[in-house]
Amino acid sequence: MTAARNRTAATARPLRRVLVANRGEIAARIIRTCRRLGIEAVLAVSDADTRTLPARLADATVRLGPPPSAASYLDVSAVVSAAVASGAQAVHPGYGFLSENQRLARACADAGIVFVGATPAQLAAVGDKLRARAHAEAAGIPVVPGGELTDPADAAELAERIGFPLLVKAVGGGGGRGMKRVTDPARLLPTVELAMSEAQAAFGDPRVYLERFIASGRHVEVQLLGDGERVVHLGTRDCSVQRRYQKLIEEAPAPVLDEHLREDMHRAAVRFGQRLGYRGLGTVEFLVDTRRRSFYFLEMNARIQVEHPVTEAVTGIDLVAEQLAVAEGHPLRLAQADVVSRGHAIECRINAEDYTNGFLPHPGTVSHAEWPVGEGIRVDTHVQAGSQVPPFYDSLLAKLIVHAPTRAAAVQRLRGALARCRVEGVRTTIGLHEAVVADQAFVVGGVDTAWFGRYLAGIGHG
Amino acid sequence: MNPSNLTDEDVRDILELVDSTTVDELHLRTSRFSLTLRRDGGGWTRSTTVHADPVEGEQAEPHEPPDAEQVPPGLVPVRAPLPGTFYRAPKPGAAPFVEVGDHVEDTTVVGIVETMKLMNSVVAGTAGTVTEIRLGNAAPAAQGAVLVLIEADGS
C-alpha cells in the first residue's frame, strides 16, 4: 500500500465550500460538479459578471473588483480575501487567470486554504519552459532540438546545430505569445534581440530559447491525474486545429495515430508526471512529427484545460470531481486499468468573433440563443438569451461536445448539432465550424497544426 | 420556476417530463422570456428568447454612449474602434504613448484598446496636437467613445 493510501483516513479533509475563482463556462461547469457532490460553490465575480448564469447557479457570489481582469480575476489578494470572507476551504481557479499562479498557490497555503491544483514547486517547474524541458530530458522524453540562449552572440552557433527554420521562444511566453519564426540566418540576430526586449516588456523576463521549427506537426496531448505519488493517464487529445496557436477544435482520442506511438506518448507523459510527483490534473503537450513518426515534449499545463470534456466523454470520468477528491487529500480513486476509452468525442469552441472579418472580437448582448440537446451532445456554456458578453474577457461563448461510437459518427453528430446552434446579437464562429466539419481533410482526420491556416486562406478568410 | 433564472438543469428536468409523453414541441412564455423545446430528429432543440431589455441589473455598457459626448468645434476626436479597456501606455509603469501638447502624425499610436484579450492599437488618424485625453489608463471604453482630441495642423 502506498503512503498516499495510508494517509486517506488520517488526513483527507472533506470540502464543504469551494470558492470558484473564474467566470464563463468553466465556472458554470465547476459549480455543477460541486452541486452534484454536495459541496457549496461560492463564485468570485467581477462587477461585469454579477448577474451571469454561473452567478445564478452558485450558492453565493462574492465581489472581486471592477471588470478589468487585472483588478479582479487576476488579483491574488482579492481572490484569497474572497475565499477567507466566504468561509471556503478551497479555491478552484479553473483555467486561465490565476490557475497556474504560484503566488496564489502559496497565498492559499498561507491562509490555510486548499488550492485545487499543483503544488507551488510543480507550478514553478512547468511554468518555466526551460526547466520543464530539462525535466523532460531527465525523464528520457524527447524534446524539440534547441536550447537556451543566454547571450545573443551565441545565437548563430546554436542555430547552426538546430538548423533553419527555427523558432525564437520567450521562456515566459505561452499560447503563441512571445514566439518568432526565423527562416533566414541573416535575420537571426535582430530577431533574437527584438524577442528579448519584447519578452522583457511582456513577461518581465528577457530569456529566450531557440527551437527547431517543425513544419508538419500535430498537437497531441495526454491528460494526467496524480495524487502526489501515483499518476495515471486518461488518454490522448488532438488539438491540431488551431489559429495562431489558439485551439479551435479538439478531439479524443487523437485520430489516425500509430498505436505504438500513442502508447509511447502515454508512457512518456506518465514518466514526466512521476518525475514531478505530480498532484492534481495536468496535461503534457507533445508535437508529433508525422513524417518521422516521432514526438517531442512541448510543455505541461498544470490545470484543467478548456478541452477536458472530450476526455470526460470517452472515459466517463468527471475530471473536476477527481480534482476535488485529490484536493481533499484522497489518494487517486482510479487505477490505470480503470481508465477505459470508449468511442470518439469532438469539441468545437464557439467564440464571439466575426470570422469573416479577421476574427474581430464581438462583445454585446445575446438576444437569442439556441443550443442542441440530445444523445451524445453536451454544451458547456454560460450564455443564454439576455446574456451580456463583456469586452473584458476572452471570447469563448460555448463548447459544443459530441460523443459517438466512432469518429465518423461523431463528425455526423457534430454536423447535426452545429446546424441546431443559433446565437443572435453577437457574431459567432458557428458558421465556420459548420464549414470545417464539412471539409474532406477534417473528415478524414489527422490534420496538422498548419492545416487550418491553409484552410482559411482557401476559403478567403486567411 | 422563474424563467429568467432558467438553468440547464431546469431544462433537463422539463425534457425528462416531456420525454415521457408524445409531445413534439413545448412553448413556455412569460412577459419577458420564452422557451421553446422541439423534438428534432435525433434529439431536442432548446431555444430561448428575451422579449424586453436584458436581464435587470446586468452589466451596463462601459463608459458613456458616444453620441452623448461633446466634441468641441474644430477638434478631431480619436474614437475607440471596439468596446474594451483603454490603455494609455504600452505596459504598466511605461511612459504614456502621448501627452497633452504632444505633436502627432496620423500614424502615431495614441493608445491601445483591449477587447476580449485582443490588443488594438489606436492611431491618431490626423496630424496635429493633442489637446485632451478623455479617458484614464485602464478605463472601460464604449465602442466609439472619444479617447483623445486633436487640433489638426493648420486648423
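The values are calculated or read from the model by the stated rules, or taken from the named source; none is laboratory data. This one's a predicted model, so the numbers in the text were calculated from it and none came from an experiment. Glycine gets a Cβ as well: all are built from the backbone with ideal geometry, and neighbour counts include every protein chain shown. In case anyone asks, the SASA skips ligands and DNA or RNA and just uses the protein heavy atoms, side chains included. Shrake-Rupley method; radii C 1.70, N 1.55, O 1.52, S 1.80 Å.
Before moving on, here are some points about what is shown:
- The lone exception for A:Phe442 - which of (1) without any contact (Cβ under 8 Å) to a residue 60 or more places away in the chain; (2) open to solvent by less than 30 Å² (accessible area, probe 1.4 Å); (3) not in a loop (DSSP other than H, G, I, E, B) it fails: (1)
- Residues located in segment B:103-127, provided they are at positive phi and over 22 Å from the mean Cα position of the chain (by Cα): B:Gly125
- Of the strands (runs of 3 or more DSSP E) lying entirely inside segment A:18-119, those containing at least 2 residues that are touching a Lys or Arg at 6+ places or on another chain (Cβ under 8 Å) and more than 12 Å from every other protein chain (Cβ to nearest Cβ) span A:40-46.
- Checked across segment A:426-434, the condition of being assigned to a loop (DSSP other than H, G, I, E, B), closer than 22 Å to A:Gly364 by Cβ and not polar (S, T, N, Q) holds for at least one residue.
- Hits in segment A:252-305 - residues which are basic (Lys, Arg) and modelled with pLDDT of 95 or more: A:Arg262, A:Arg267, A:Arg271, A:Arg275, A:Arg279, A:Arg303
- Residue under evaluation A:Arg413, criteria (1) touching an Asp or Glu at 6+ places or on another chain (Cβ under 8 Å); (2) assigned to a helix (DSSP H, G or I); (3) basic (Lys, Arg), criterion not met: (1)
- Subset of segment A:58-93 [under 24 Å from A:Arg16 (Cα atoms) and surrounded by fewer than 16 Cβ atoms within 10 Å (Cβ to Cβ)]: A:Asp59, A:Ala60, A:Arg63, A:Ser77, A:Val84, A:Ala85, A:Gly87
- Any chance A:Glu375 is open to solvent by 30 Å² or more (accessible area, probe 1.4 Å) and modelled with pLDDT under 95: no
- The residues of segment A:248-275 that are open to solvent by 30 Å² or more (accessible area, probe 1.4 Å) and under 30 Å from A:Val444 (Cα atoms), listed by number, are A:Pro253, A:Val256, A:Asp258, A:Glu259, A:His260, A:Glu263, A:Asp264, A:Arg267.
- Counting the residues of segment A:149-176 that are more than 17 Å from A:Phe213 (Cβ to Cβ), of a type in the set (D, E, K, R) and open to solvent by 80 Å² or more (accessible area, probe 1.4 Å) gives 1.
- Looking only at residues in segment B:88-97 that are surrounded by 13 or more Cβ atoms within 10 Å (Cβ to Cβ) and either more than 15 Å from B:Ala139 (Cβ to Cβ) or among the hydrophobic types (A, V, I, L, M, F, W, C) (or both), the one that is nearest to the other protein chains (Cβ to nearest Cβ) is B:Pro90.
Matching residues to (1) in a loop (DSSP other than H, G, I, E, B); (2) modelled with pLDDT under 95; (3) within 14 Å of chain A (Cβ to nearest Cβ); (4) under 19 Å from A:Ala48 (Cα atoms):
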| position | (1), (2), (3), (4) |
| --- | --- |
| B:Glu99 | yes, no, no, no |
| B:Thr107 | yes, no, no, no |
| B:Glu114 | no, yes, yes, yes |
| B:Asn120 | no, yes, yes, no |
| B:Glu132 | no, no, no, no |
| B:Asn137 | yes, yes, yes, yes |
| B:Pro140 | no, yes, yes, yes |
| B:Gly144 | yes, yes, yes, no |
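- Residue that is nearest to the other protein chains (Cβ to nearest Cβ) [pool: residues in segment A:378-410 that are among the aliphatic types (A, V, I, L, M) and surrounded by fewer than 22 Cβ atoms within 10 Å (Cβ to Cβ)]: A:Val379
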